[in-house]
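The values are calculated or read from the model by the stated rules, or taken from the named source; none is laboratory data. Owing to the predicted nature of the structure, the values given are computational and were not obtained by experimental measurement. Positions of Cβ are generated from backbone atoms using ideal geometry, with glycine treated the same way; all protein chains shown enter the neighbour counts.
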Amino acid sequence: MAGLAVAPGVTHWPGRLSPEAQVALVKALRAVARAAPFFTPRMPGTAKPFSVRMTNCGPLGWVSDQSGYRYQPQHPETGAPWPAMPAVLVALWEELSGYPHPPEACLVNFYESGARMGLHQDRDEETFDAPVLSVSLGDTAVFRIGGTTRRGPTRSLRLSSGDVLAFGGEARLAYHGIDRILAGSSALLPQGGRLNLTLRRVTKPPA
Ligand code: MD3
Ligand code: FE
């Protein structure tokens, strides 16, 4: 199914995952979180905790602590390698990304009802040629996206459970964030909250 071009470089597939596929993916993510428990990232410098908790799967994972933001092959607290990316996510990347190399990181963000994520760019990757693919599960998020400078107009989109979005081209370096989570908007996660998965290429592909 063709997605909706909601802005230059942004494609939205509302409800791309069926309710059954969402349940199966949550089950796979519970196994990921058993192997790689959610951790609380901290801001570089200040060490202020994020309100979002995170884990990763795939060969690399994104972490943030007092020393900085980076990708690394091990969990920051257990030292274990990240668990494998569920095959269904790799298949989604192959179908939707248009990128001829596999994703290397899947960052899993968990939002409880008061959590948010301030406006930022994703630029810790070595290559911006690949899009970032986002999968939303659970409560609806109010997502904000602007341009490639911090100032300037932004627009707001609701990301609902089962939605998939791709951010490529001129949107790859767009400022974006999560303003709030609409508590009680989904019954997928028994305790509520929202999971967001972002599939990313981190390293430059081999020549
Ligand atoms: C636009 N996550 O993990 S997903 C992040 O819902 C992040 O958890 C948000 O921003 C979340 O970095 C937003 C949508 C998204 C993800 C990555 C992008 C939009 C993006 C990268 C570039 C441009
Ligand atoms: Fe981001």
Among the listed residues ALA115, ALA105, identify the single one that is among the small types (Gly, Ala, Ser), within 21 Å of MET54 (Cβ to Cβ), surrounded by 19 or more Cβ atoms within 10 Å (Cβ to Cβ) and within 11 Å of ligand 1 (Cβ to nearest atom). ALA105
Being buried (at least 19 other Cβ atoms within 10 Å of the Cβ), hydroxyl-bearing (Ser, Thr, Tyr) and over 12 Å from the mean Cα position of the chain (by Cα) is the filter here; which residues of the range 118-144 pass it? THR140
Identify the single condition in (1) within 22 Å of GLN72 (Cβ to Cβ); (2) touching a strand residue (DSSP E or B) at 6+ places or on another chain (Cβ under 6 Å); (3) of a type in the set (Ser, Thr, Tyr) that THR127 does not satisfy, given that it satisfies every other one. (2)
Considering PRO76, PRO83, which residue is surrounded by fewer than 19 Cβ atoms within 10 Å (Cβ to Cβ) and either in a helix (DSSP H, G or I) or away from ligand 2 (no atom under 16 Å from the Cβ) (or both)? PRO76
Select from the range 159-203 the residues that are more than 16 Å from ligand 2 (Cβ to nearest atom) and of a type in the set (S, T, N, Q) and list them in ascending order. SER160, SER161, SER185, SER186, GLN191, THR203
Scanning the range 1-37 for residues that are among the small types (Gly, Ala, Ser) and part of a helix (DSSP H, G or I), which turns out nearest to GLY98 (Cα to Cα)? ALA21
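Among what's in the range 118-129 and is within 30 Å of GLY184 (Cα to Cα) and part of a loop (DSSP other than H, G, I, E, B), pick the residue that is farthest from ligand 1 (Cβ to nearest atom).
Looking only at the range 118-129, we keep the residues that are within 30 Å of GLY184 (Cα to Cα), and these are 118-122.
Retained after the next criterion (residues that are part of a loop (DSSP other than H, G, I, E, B)): 121-122.
Working: GLN121: 7, ASP122: 4 Å.
The residue in question is GLN121.
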Residue pairs qualifying under the 9 Å Cβ cut-off, at least six apart or on distinct chains, with the first in the range 28-40 being touching a residue at least 40 places away in the same chain (Cβ under 8 Å) and the second being assigned to a helix (DSSP H, G or I) and not hydroxyl-bearing (Ser, Thr, Tyr), are ALA28/ALA87; ALA28/VAL88; ALA28/LEU89
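Determine if the range 149-157 includes at least one residue that is within 8 Å of ligand 1 (Cβ to nearest atom) and either under 21 Å from SER18 (Cα atoms) or within 15 Å of the chain's Cα centre (by Cα) (or both).
Start the filter on the range 149-157 by keeping residues that are within 8 Å of ligand 1 (Cβ to nearest atom), which leaves none.
Among the residues of the range 149-157, not one is within 8 Å of ligand 1 (Cβ to nearest atom) and either under 21 Å from SER18 (Cα atoms) or within 15 Å of the chain's Cα centre (by Cα) (or both), which makes the answer no.
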Could you grab me the full set of residues in the range 132-158 that are touching a helix residue (DSSP H, G or I) at 6+ places or on another chain (Cβ under 9 Å), without any contact (Cβ under 8 Å) to a residue 60 or more places away in the chain and within 14 Å of ligand 2 (Cβ to nearest atom)? THR148
Can you tell me how many residues in the range 151-162 are modelled with pLDDT of 95 or more and farther than 12 Å from VAL10 by Cβ? 7
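From the list VAL26, VAL88, pick out the single residue that is surrounded by fewer than 19 Cβ atoms within 10 Å (Cβ to Cβ), touching a helix residue (DSSP H, G or I) at 6+ places or on another chain (Cβ under 7 Å) and within 19 Å of GLY162 (Cα to Cα). Please lay out each step first, then the result.
Working: VAL26 fails: touching a helix residue (DSSP H, G or I) at 6+ places or on another chain (Cβ under 7 Å).
The conditions single out VAL88.
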Checking GLY98 against (1) more than 17 Å from ASN196 (Cβ to Cβ); (2) assigned to a strand (DSSP E or B), only one condition comes out false. Which one? (2)
